[in-house]
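Some notes on the structure that comes next.
The values are calculated or read from the model by the stated rules, or taken from the named source; none is laboratory data. All figures in this text were calculated on a predicted structure; none of them were measured in a lab. All Cβ positions, glycine included, derive from the backbone under ideal geometry; neighbour counts span all protein chains shown.
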Amino acid sequence: MPYSDSSPTKTLARALCAGAVALCASALASAQLIAPEVLVVYDSRIADSRSVAEYYAGSAKVPGGAGSLPGIRPLVSVVDISTLTSSVGGPAGVFPAAGDIPYSTFAAQIRDPLRAHLWSTQQARRIRCIVLTKGLPHRIQNIDAVNAGLGDNPASINAYISAGRIGNLTFCSVDAELTLLMQTLNTGEAGLNADSRADGMIINPFFRSPTSIRGYSTRSISAAKTFLLPGGGNNGFFWFNQSDPALSTTLTAGDIYLVARLDGNTVADVRGMIDRAQNLSFPIGSARIVLDSDGGTFDGTGNFPPIDVGPDYALTFGVLQSDGRFPAANIINDAAGSFANFWVGPLINFNTQPGGPPRILSQPALLVATYGANHGGTGATTAATTWASSYNFLPGAIINSIESYNGRSFNGIGGNPFVGQQQIADALAGTTGATFAVGNVWEPFSLTVADNEQIVRSFLLGNLTWVEAAYTALPVLSWQQIVVGDPLATPRRDREDINLDGRVNIDDLYAWQANPVDLNNSGSADAADLALLETSVRGYELAAMKNTQR
């Protein structure tokens, strides 16, 4: 990811206090994303796609597979894309399976038929999340046919930009383009800078949202949106949203779909990833969090606030320190360079690598945020492409590395042969792999990668589902990112289960009153701890109530 600095964009007091209760209930009124608001997309012609969909949604909704599977999330909606009609005729979907597709294929075989399906089934305003399954494409090629694979070659991208074509970068992920399903972004595209909104990236209106996607109205989702250009040489490289949310032409969080992917090297890997996401309970006292930079600025400088809000690792560390629920001793915040200061796990021995030995975390990790292969000193080592496989991961563990091509290898296309980096598909593999990841399928420029600060606020310390938390962390849409893992996974923290019944609910408030617990490690059990507990309890209870409403 060589374009960070040289990028053109660099230039209650008490739980029973009525006031506190009202404030908390208001903030969490929209609860969380629920299963009936999720649409799983699969292709019955692709065995892996059908198998993943069947495991997740159940055999009753996905026929022709193993049969008799109850489904991990049986209340989700499902569509076999091969039964839909492409906008150019014939079955929709891409078969045989392919990782990379032209924009024209995306539009005709995926976007248009899914859009028509949602309207014809009256689900366009009810569905809030789309889930893509293993075997469906994940990369859209640059519209410029001569430079279709541009996003894979950093040198070529640099030359393209130097030639004045920064406003014509159209390579992106299928997932990120589907977030704007109701918009026809490629209208007017003729190979020029900013001639269509498929050029470049669009500011994410859900970025840094403190509440669920359910809190935003979908009433204007079908209206064509007006996007604003920044002016100057950045036209087409990114697009602003209008500032007035009352206008139907303004893109708001209610106008987008959150898109997640259930994908991996094998169907068994995907099933394992889904299984690990169920009934999460984070062991607050023992879980380790790794924030491993090298003192560089890949994680942000704050030079472009709509996208880059500042040094992400430092901000993330500050949030964890301020909250206090994760013990300070269990949070690794290392900004030192060289391979000797690169953090790895104990499962692979890198001690004999040049510049080693690296620093080893023996305890299980819950979040690994790292520069990965972009960490100074890793370039000549095998750790650059295998560091994630060395970790012990807890169920629910998250991988978020600042590596340009860490989401490339799905659909069997492998890592970038020009740029060796850890692949999140490998990090999610096996019975003890990570559970969630955010990745990049082409060169994203480092200012657009997911912010750990928001992942921590919304998921590790909050109550949003995984897909909601991930999208609060993504500054832009229509770009390179993919969100991998069960979108409906919900976090819980073990120490908040005061009565040890396996749940966090109002009974834990009563249990805390009877036996106060110091949740934030301040040295005393007080009103601040009770406020933290109430926020969690009310979030979970609202979600539970909403899930039973049909």
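A few notes on this one:
- Residue list for the stretch 205-246, restricted to those being out of contact with any Ser or Thr (no Cβ under 8 Å at 6 or more places or on another chain), over 30 Å from VAL40 (Cβ atoms) and in a loop (DSSP other than H, G, I, E, B): LEU229, PRO230, GLY231, GLY236, ALA246
- In the condition set (1) in a loop (DSSP other than H, G, I, E, B); (2) under 22 Å from LEU291 (Cα atoms); (3) at pLDDT below 95, ARG503 is compliant with all but (2).
- Identity of the residue in the stretch 144-192, among the hydroxyl-bearing types (Ser, Thr, Tyr) and assigned to a loop (DSSP other than H, G, I, E, B), that ends up nearest to LYS134 (Cα to Cα): THR179
- Selection of first residues in the stretch 497-523 that are closer than 17 Å to ARG325 by Cα and of second residues that are at pLDDT 95 or above and of a type in the set (Ser, Thr, Tyr), restricted to Cβ pairs under 7 Å at least 6 apart or on distinct chains, gives the following pairs, ordered by first then second residue: ASP518/SER524.
- Filter result (part of a loop (DSSP other than H, G, I, E, B) and of a type in the set (A, V, I, L, M, F, W, C)) within the stretch 366-404: ALA380, ILE402
- Among residues of the stretch 239-264 that are over 24 Å from ILE130 (Cα atoms) and acidic (Asp, Glu), those with a Cβ under 7 angstrom from a residue that is at pLDDT 95 or above and part of a loop (DSSP other than H, G, I, E, B), sequence gap 6+ or separate chain, pair up as ASP244/THR250.
- Summed over the stretch 419-453, the residues that are of a type in the set (S, T, N, Q), assigned to a helix (DSSP H, G or I) and under 22 Å from PRO283 (Cα atoms) give a count of 1.
- Qualifying residue in the stretch 272-294 (condition: in contact with a helix residue (DSSP H, G or I) (Cβ under 6 Å, 6 or more places away or on another chain), within 24 Å of ASN440 (Cβ to Cβ) and not hydrophobic (A, V, I, L, M, F, W, C)): yes
Each row is one residue, and each column tells you yes or no for (1) buried (at least 24 other Cβ atoms within 10 Å of the Cβ); (2) assigned to a loop (DSSP other than H, G, I, E, B); (3) at pLDDT 95 or above; (4) touching an Asp or Glu at 6+ places or on another chain (Cβ under 9 Å).
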| position | (1), (2), (3), (4) |
| --- | --- |
| PRO417 | no, yes, no, yes |
| ILE455 | yes, no, yes, no |
| LEU464 | yes, yes, yes, no |
| TYR471 | yes, no, yes, no |
| ILE482 | yes, no, yes, yes |
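- Single residue of PRO63, PRO74, PRO70 found to be within 26 Å of the chain's Cα centre (by Cα), surrounded by fewer than 17 Cβ atoms within 10 Å (Cβ to Cβ) and not in a strand (DSSP E or B): PRO74
- Top-ranked residue of the stretch 484-538 - restricted to ones that are touching a Cys at 6+ places or on another chain (Cβ under 9 Å) and closer than 30 Å to VAL441 by Cα, ranked as surrounded by the fewest Cβ atoms within 10 Å (Cβ to Cβ): LEU488
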